[in-house]
Amino acid sequence: MYSKKVLQRFQKPKFAKKMKDPSSKGKVGNTKCGDIMEIFIKVKTDKNGDEIIKDISFLTYGCVAAIASTDYLCEIAKGKTLEKALKITSKDVVKKMGSVPAIKLHCSVLAQKALKEAIEEYKNKKEK
Amino acid sequence: MAKTIYLDNGATTALDPKVDETIKNAPYGNPASTHSIGIEAKRALEEARHVIAKSIKAKDNEIIFTSGGTESNNLAIKGLAFADNKKHIITTKIEHNCVLNACKWLETQEFKVTYLDTDKEGFISLEELEKAITEDTFLVSIIHGNNEIGTIQDLKQIYNICKKHNVIFHTDACQSYTKTDLSAKHADLITLNAHKIHGPKGVGALYIRKGIKITPLAHGGNHEEGLRSGTVNVPGIVGFAKAVQIAKKRHVRYMAKLRDYMIKEILKIPKTQLNGPEKNRLCNNINISFRYIEGESLGSFLDAKGICTSTGSACSSHSLEPSHVLMALEDNHERAHGSIRFTLSKYTKKEDIDYTLAEIKKTVKKLRRLSPLARV
C-alpha cells in the first residue's frame with residue numbers, strides 16, 4: 001500500500017524530535033481523527049534581513065503517512081523564508097513523497113496546517 | 001529481512017501440508033453425476049460431511065457446505081429472514097462485518113434490528129438480550145468467539161433464552177471452531193469455515209438444525225438440499241474435513257499458554273491495556289492498546305522486522321473508521337487507534353514470541369518519543 005520510499009522515510013525520519021527553545025510551535029489534529037501533528041520552528045534573520053526557518057522539527061501521533069509526510073514537509077520548509085514556507089502546499093509534500101494512497105492524502109494537509117500555525121504564532125508573538 | 005513471523009492467524013492461516021496433500025488427491029468428479037467418477041466424489045463429500053457433523057455433534061444432513069464464513073452468515077440471516085413472517089432480529093455491536101452488513105441491508109428491506117451493547121470485555125448481557133426479544137423477533141445472531149478481542153460468549157445460556165422465547169439462535173463460530181467445545185446442542189444455526197483452521201480458503205459450512213426452514217440465496221441445480229446450488233467444491237470440502245480431523249486439543253492448550261505468556265510480557269510495558277477478557281478468551285487471540293501511539297505505525301515497524309499483525313486503528317481501514325468492536329467496548333478513539341492484534345497458530349514458536357516482544361518494546365519506545373501526546 002505504501003511505496004518503499006515512504007516506508008523508508010517513516011522508519012528513519014530526519015526531523016522527528018522535540019525542539020528545545022523553539023521560536024514557536026503549531027499543533028493540529030486530535031485523537032478522534034487519529035493524527036496529531038506538532039511542528040517546532042526556530043526563526044533567524046539572515047543577512048538580507050529576511051526571516052528564515054533556521055531549524056524545524058516535529059512530533060506526530062499518527063500513521064505511517066502522517067509521520068513520513070510531516071518529515072518531508074520539514075525538509076521542504078527548512079531554510080525557506082517564512083513567506084515562502086507559508087506557500088508550501090500539501091501538493092508539494094505529496095510530490096516529494098512520490099506516491100501516497102489516496103485515502104492518506106489528508107495526512108499531508110495536516111502537516112502543512114501545523115506549519116502554518118507555527119508561523120502565525122511566531123508572527124503574533126513578534127507583534128506583541 | 002530474516003524470517004517471517006506470522007501473527008495474523010485471525011485473518012487467515014497457512015494451509016497445513018497434510019490438508020494440501022488431501023486436496024491434491026481429492027476426486028475431481030461432480031457428486032451430482034451418476035457414473036463411477038461422480039459416485040466416488042459423492043462418497044468423499046459425504047465422508048467429509050460426516051466429519052464436520054460429528055465435530056459439533058450434529059447429524060450429517062444438518063450440514064450445508066458453502067464458500068465460507070461470509071456466505072454461511074448471509075445464508076443463515078437472510079435465508080431465515082425471507083423464510084419467516086416476523087421482522088425483528090437481535091444481534092450485537094461486535095459482530096463481524098458480514099453479519100452487521102447483512103443486518104443493515106435487511107433494515108432497508110423493512111426489517112428491524114436491535115444491536116446489543118456489550119460490557120467492557122465484550123460480553124453481552126443475558127438480561128438485555130431477553131428484554132430485547134419481542135413477539136416479532138425471529139432470530140438472535142451472536143458471534144461465538146470474537147475475531148478482534150477474542151471474547152467467547154456463553155452459547156448455552158444464550159440458547160436457553162432463545163428457546164424459552166421460541167426464537168432461532170445463530171452463531172458465527174468461524175474463530176472458535178476447533179478451538180472451543182462448540183456443540184450443535186447450543187445453537188440452531190452455526191457458521192463454520194476452513195481457512196481459519198489451516199484449511200483451504202473458499203470453503204465453509206452452515207449447521208442448520210433439522211426442521212428449520214431457510215430460503216436459499218442462490219437458486220440453481222438444487223445442490224446441498226437445494227439450499228446452496230452450484231457444483232460442489234469437493235476438493236475444498238475434503239480439505240476442510242482433513243483440517244478438522246487434525247485439529248487437536250493439545251494445539252489449543254499450547255496456543256493458550258503462549259497467549260498468556262505474551263499478554264503477561266506485553267502488559268509489563270507501561271500504559272498498555274488488554275482488549276477483551278482474560279478468561280473465556282480465544283486461545284490464540286491477543287489484543288493490546290498502546291497509549292500515545294497509533295497501531296498502523298507500530299504494525300508497519302513490526303512488518304519491516306518480518307512480523308505480521310493487524311490493527312483496529314482507523315488509519316489502516318479503508319473507511320478511516322476505527323474498529324467498531326473496540327469502539328463498542330468504550331468510546332475511546334485513542335484506545336482503538338493504538339490497538340494491535342496478534343493471533344497465534346499451532347505453528348507459532350515461543351522464540352518467535354520472544355523476538356516479537358523485543359521488537360514491540362523497542363518500537364513502542366521509539367514511537368512514544370515521537371508522540372506529542374505524552375512523555376513517558
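The values are calculated or read from the model by the stated rules, or taken from the named source; none is laboratory data. Note that the coordinates shown come from a computational prediction; the quantities given were computed from them, not determined experimentally. All Cβ positions, even for glycine, are placed from backbone atoms using ideal geometry, and neighbour counts span all protein chains on display.
If you go through region A:81-108 and pick out every residue that is over 19 Å from residue A:5 (Cα atoms) and out of contact with any strand residue (DSSP E or B) (no Cβ under 6 Å at 6 or more places or on another chain), you end up with 6. Per the conditions (1) acidic (Asp, Glu); (2) buried (at least 21 other Cβ atoms within 10 Å of the Cβ); (3) more than 12 Å from chain B (Cβ to nearest Cβ), the sole criterion not satisfied by residue A:35 is (3).
Does residue B:319 satisfy being within 14 Å of another protein chain (Cβ to nearest Cβ), touching a helix residue (DSSP H, G or I) at 6+ places or on another chain (Cβ under 6 Å) and at pLDDT below 95?
Values: within 14 Å of another protein chain (Cβ to nearest Cβ): yes; touching a helix residue (DSSP H, G or I) at 6+ places or on another chain (Cβ under 6 Å): no; at pLDDT below 95: yes.
For residue B:319, the condition - within 14 Å of another protein chain (Cβ to nearest Cβ), touching a helix residue (DSSP H, G or I) at 6+ places or on another chain (Cβ under 6 Å) and at pLDDT below 95 - is not met.
No other residue among B:168, B:190 is farther than 18 Å from residue B:151 by Cα and among the β-branched types (Val, Ile, Thr) apart from B:168.
Select from region B:45-68 the residues that are polar (S, T, N, Q) and either closer than 17 Å to residue B:176 by Cβ or assigned to a helix (DSSP H, G or I) (or both) and list them in ascending order. Steps first, answer last, please.
Within region B:45-68, the first condition is being polar (S, T, N, Q), and the residues that meet it are B:55, B:61, B:66-67.
Scanning region B:45-68 gives B:55, B:61.
Counting just the residues of region B:326-376 that are of a type in the set (A, V, I, L, M, F, W, C) and part of a loop (DSSP other than H, G, I, E, B), which one comes out nearest to the other protein chains (Cβ to nearest Cβ)? Only one residue tops the list, namely B:373. The residues on offer are A:104, A:84, A:47, A:128, and the sole one that is within 13 Å of another protein chain (Cβ to nearest Cβ) and of a type in the set (Lys, Arg) is A:104. Does residue B:71 satisfy the condition of being of a type in the set (Asp, Glu), assigned to a helix (DSSP H, G or I) and without any contact (Cβ under 8 Å) to a residue 40 or more places away in the chain? No: the conditions fail for residue B:71. Just wondering, is there one or more residues in region B:80-102 that are at pLDDT 95 or above, touching a strand residue (DSSP E or B) at 6+ places or on another chain (Cβ under 7 Å) and under 30 Å from residue B:47 (Cβ atoms)? Taking every residue of region B:80-102 in turn, at least one turns out to be at pLDDT 95 or above, touching a strand residue (DSSP E or B) at 6+ places or on another chain (Cβ under 7 Å) and under 30 Å from residue B:47 (Cβ atoms). Would you check which residues across region B:272-290 are of a type in the set (Lys, Arg) and either within 9 Å of chain A (Cβ to nearest Cβ) or surrounded by fewer than 18 Cβ atoms within 10 Å (Cβ to Cβ) (or both) and list them? Result: B:279, single match. Scanning region B:294-309 for residues that are out of contact with any strand residue (DSSP E or B) (no Cβ under 7 Å at 6 or more places or on another chain) and either buried (at least 23 other Cβ atoms within 10 Å of the Cβ) or away from chain A (no Cβ under 14 Å) (or both) yields B:297, B:300. Any chance region B:289-298 includes a residue that's assigned to a loop (DSSP other than H, G, I, E, B), modelled with pLDDT of 95 or more and in contact with a His (Cβ under 6 Å, 6 or more places away or on another chain)? No, region B:289-298 contains no residue that is assigned to a loop (DSSP other than H, G, I, E, B), modelled with pLDDT of 95 or more and in contact with a His (Cβ under 6 Å, 6 or more places away or on another chain).
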